[in-house]
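Everything on this sheet refers to the single structure shown next.
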Amino acid sequence: MKPFALPAILSSLLLAAAAVLADNKPGMIDDCHYADDAAAQKAWRPMGGSAPAAAVTLDGRKALRLPCNFAGTTMERASWDRKVKLDLVPCQGIQFKVFCKNPAPVSHFSVYFQSGGGWYSTGFFPEAAGWSTITINKASTRSEGTPAGWGNIETIRISAWRGRNEDTELFVSDLRMTGVLGVDASVAVVRGESLARGRSGESKAADQFAEGVTQNLAALGIGCSMISDLDLTAERLAKAKLVILPHNPSMPDSAADALIKFLGRGGNLLVFYCLPAKLRSVVKIEGGPHTKASHPGQFSAIRFTDGALPGAPTLIGQRSWNINAAKAVPGASRVLAEWLDDKGQPTGHAAVVASDNCIVMSHVLLDDDLVNKRRMLLAMVGHLEPDIWWKTTNAGIARIGQIGGCKNFDEVAALITKTAKGNRKAKAALDSARKLRDEAVALGVKEKYVEATEKAAAATQRLNEAFCMAQQPLKGEFRAFWCHSAFGVEGMEWDEAIKRLADNGFTAIVPNMLWGGVAFYNSKTLPVAPDVAEKGDQIAKCIAACKKNGVQIHVWKVNWNTGHRVPKEFLDKMRSEGRLQMSSRGKEEPWLCPSHPDNQKLEIASMVEVARDYDVDGIHFDYIRYPGGDHCFCPGCRERFGKAAGVEIKNWPQDALGKGPFRQQWLDFRRSNITAVVKAVSEQARVAKPKIKISAAVFRNWATDRDGVGQDWKLWCDNGWLDFVCPMDYTESDRQFDSWIALQKDWAGKVPVYPGIGVSSSGSRLGADRTIGQIAITRRHDTRGFIIFNYGVTEAKDLVPMLGLGITAKR
């Protein structure tokens, strides 16, 4: 192992790696140092009415200027294309520097990578008021069309999406690869992109867990590269020391062969859930049967044998629903950890098995109990690649003070002292964190990396507690959680789950109790889920818990979408009656068609039923929109649209698409179908229960989403059909969050805006400090409330108590 270096404590390894890259420029794609405007415009071509690029020098840095001219235009986005010939296989992603003095006119920025007949894409937002660094992780991108792989990138596109009718400008510099094996990474994560070609339902899950592993590695300060299993070769792994398979239920034979060669030359392997059959004899770990949990909670925790894996916690929470058995080969591999059930009893199933060159965990890496999960991941990686320890120890100590937007320990300590206002508990926690940090440094100097890492983790936890204790609550604030499960928090009764909210100062719960095709209560309007017969009426149970604990209940309906629990008989009936949606290409979507009169009646009746029959505080729309711009083009829509618009449609659906002659009438027609339901529910529910509150979860950018998905929520606010609105502002960028709220308050007018904070959404993950930061932004905008997604196990056990220490405390 390499010696512990004190200077590294003061700067993270990522910054050090970036300095090396800057000096040598390996992996540089475009430094944006153009001689003049003509050169910049030759490289970056504007799209669809966008203004041309320009070469500039800003703050002493040569850069590319991209004008975002929205004032007086109708364009949806400003975009520029850069033709390239890139092989991005051997890296984790790309990194570039951006500057945008006024991002308010932009809803969000996107970057795209064209490959063959498709694109990879993701969003970003400039976080700082000055220059900031954007890192795009390949694992976080989504695919459009049929991309030909990361080894064949032909175009890079940067887009700024309209937020308001105002001009701004984006400056870009230094596009480069990051996470390059042999440069700033020694770990390769293999994403199962071959699954998409086989039309496997596992493709989305493979992407999700690959992204989760790379994010956790980044949080630990471990550089990694992300490689598709379609691109995997022994040559591409030549500079890797460790390969991770995050979720690869199948892979091409060529990829398995490449891994065998990699292992043969001394490489190591970390596998989650699925160990390919061809590799089992090489790593000396056997497979076994796929085992589904016999009951919820059968696989609830992982317990390591004492000393089996240095640095791993003894107990890690993970509520898995099934496992793929992994078996030790006598004399060649061994069981390190076992599964426990929700009562803490051994299940007889191995959770982690290890040989000399491989560790296998029998399920995917979930994000519950995240602090301990990351410690376990670090221990696994450190066991297989020991040189990682000194790097992560340095990085871990450097990260101790990176809380609440602060850059180091001294900065956050000063902030806590100022914010705490004499809070003795906060001061004691801060003193404890400082002592633990000093102990971590001392252990690092002695090259006791495992112990130093554990002390650093303890220091970070205490510092987080001090930060949370230092926050101040705001009286009279609406504080809510969305709860996606109709049965509440797994492993808890409604009474316990609601009591946790109440004890920590939350005022409301918004539970998802009905969909377009199923209800989790005794409905007379919708099919009732079979679980209700066994587990009871979930609205009634939640109401009882809320009344007992003084918490509001606003029942959430997923509109139109029939849901994955919809009875087959109901779906078949909707299909036979022509009541399901259809894309412009004729593909069925299991959503109810909003233009069908009977569907509108069903949506209205189901929500009014809840308002009339249950003592709820409110009802809450969600999915009150179309799935996207390509719906609904069923035969019934053609007929109903023609009558409503008074036009004869000769070419369907072309006349309503793109530049078709009836495009605007079509968009108006779509909006009217959605709005009719909102209006009717609002009016009828208030007749049934005059004091009921009507609310909606909405897409964040009304200006484009009114056309894109038919969601005209500004109109609903203007007409008083909503009592409050909850834009789903899921982002890890505080600056973007701030910008969105400013726009949304203007659109909502006098109707309160309670911004949605994406603590555990598909597009964002926030810890307690980042959640506090976004709550603080809502307060700066005087929204007087917020709502968090989603109320699950991690949020109930970890996040809510941390918020209750200060920012939502009952005082």
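Looking at the stretch 259-272, can you tell me whether even one residue there is open to solvent by 30 Å² or more (accessible area, probe 1.4 Å), small (Gly, Ala, Ser), more than 30 Å from residue 238 (Cβ to Cβ) and in contact (Cβ under 8 Å) with a residue 12 or more places away in the chain? Checked the stretch 259-272: no residue is open to solvent by 30 Å² or more (accessible area, probe 1.4 Å), small (Gly, Ala, Ser), more than 30 Å from residue 238 (Cβ to Cβ) and in contact (Cβ under 8 Å) with a residue 12 or more places away in the chain. Can you confirm whether residue 89 is touching a residue at least 60 places away in the same chain (Cβ under 8 Å) and not in a strand (DSSP E or B)? Yes: the conditions hold for residue 89.
Of all the numbered requirements in (1) touching a helix residue (DSSP H, G or I) at 6+ places or on another chain (Cβ under 7 Å); (2) over 25 Å from residue 182 (Cα atoms), residue 353 misses one, and that requirement is (1). Within the stretch 50-70, the set of residues being open to solvent by less than 70 Å² (accessible area, probe 1.4 Å) and part of a strand (DSSP E or B) comprises 54, 55, 56, 58, 61, 63, 64, 66, 67, 68. When you look at residue 359, is it out of contact with any helix residue (DSSP H, G or I) (no Cβ under 7 Å at 6 or more places or on another chain), closer than 18 Å to residue 275 by Cβ, of a type outside the set (Phe, Trp, Tyr) and outside any loop (DSSP other than H, G, I, E, B), yes or no? Criteria not met by residue 359.
With the condition kept exactly as written, say whether any residue in the stretch 600-613 is charged (D, E, K, R), open to solvent by 40 Å² or more (accessible area, probe 1.4 Å) and assigned to a strand (DSSP E or B). So far as the stretch 600-613 goes, no, none of its residues is charged (D, E, K, R), open to solvent by 40 Å² or more (accessible area, probe 1.4 Å) and assigned to a strand (DSSP E or B). Here residue 710 clears all of (1) in a helix (DSSP H, G or I); (2) buried (at least 21 other Cβ atoms within 10 Å of the Cβ) except the condition numbered (1). Selection of the stretch 762-805 for residues being β-branched (Val, Ile, Thr) and assigned to a helix (DSSP H, G or I) yields 771, 772, 775, 777, 778, 793, 794, 800.
The requirement of being in contact (Cβ under 8 Å) with a residue 12 or more places away in the chain and open to solvent by 40 Å² or more (accessible area, probe 1.4 Å) is not satisfied by residue 471. Scanning the stretch 204-232 for residues that are open to solvent by 20 Å² or more (accessible area, probe 1.4 Å), of a type outside the set (Lys, Arg), part of a helix (DSSP H, G or I) and out of contact with any Pro (no Cβ under 8 Å at 6 or more places or on another chain) returns 205, 207, 208, 211, 215, 218, 219.
Are any residues in the stretch 380-398 within 25 Å of residue 301 (Cα to Cα), open to solvent by less than 40 Å² (accessible area, probe 1.4 Å) and over 25 Å from the mean Cα position of the chain (by Cα), and if so, which ones? Of everything in the stretch 380-398, those that are within 25 Å of residue 301 (Cα to Cα), open to solvent by less than 40 Å² (accessible area, probe 1.4 Å) and over 25 Å from the mean Cα position of the chain (by Cα) turn out to be 382, 384.
Using the structure shown, decide if residue 595 is assigned to a loop (DSSP other than H, G, I, E, B), in contact with a Pro (Cβ under 8 Å, 6 or more places away or on another chain), in contact (Cβ under 8 Å) with a residue 60 or more places away in the chain and not charged (D, E, K, R). When the stated conditions are applied, residue 595 does not pass them. Could you tell me how many of the residues in the stretch 203-245 are closer than 29 Å to residue 400 by Cβ and among the acidic types (Asp, Glu)? Residues that pass the stated criteria total 1.
Candidates are the residues of the stretch 165-191 that are closer than 19 Å to residue 47 by Cα and out of contact with any strand residue (DSSP E or B) (no Cβ under 7 Å at 6 or more places or on another chain); the one that is least open to solvent (accessible area, probe 1.4 Å) is 166.
The values are calculated or read from the model by the stated rules, or taken from the named source; none is laboratory data. Quick caveat, the model's predicted, so the values are computed rather than measured. All Cβ positions, even for glycine, are placed from backbone atoms using ideal geometry, and neighbour counts span all protein chains on display. Please note that ligands, DNA and RNA were not included when accessible areas were found on the heavy atoms of the full protein model with its side chains. Shrake-Rupley method; radii C 1.70, N 1.55, O 1.52, S 1.80 Å.
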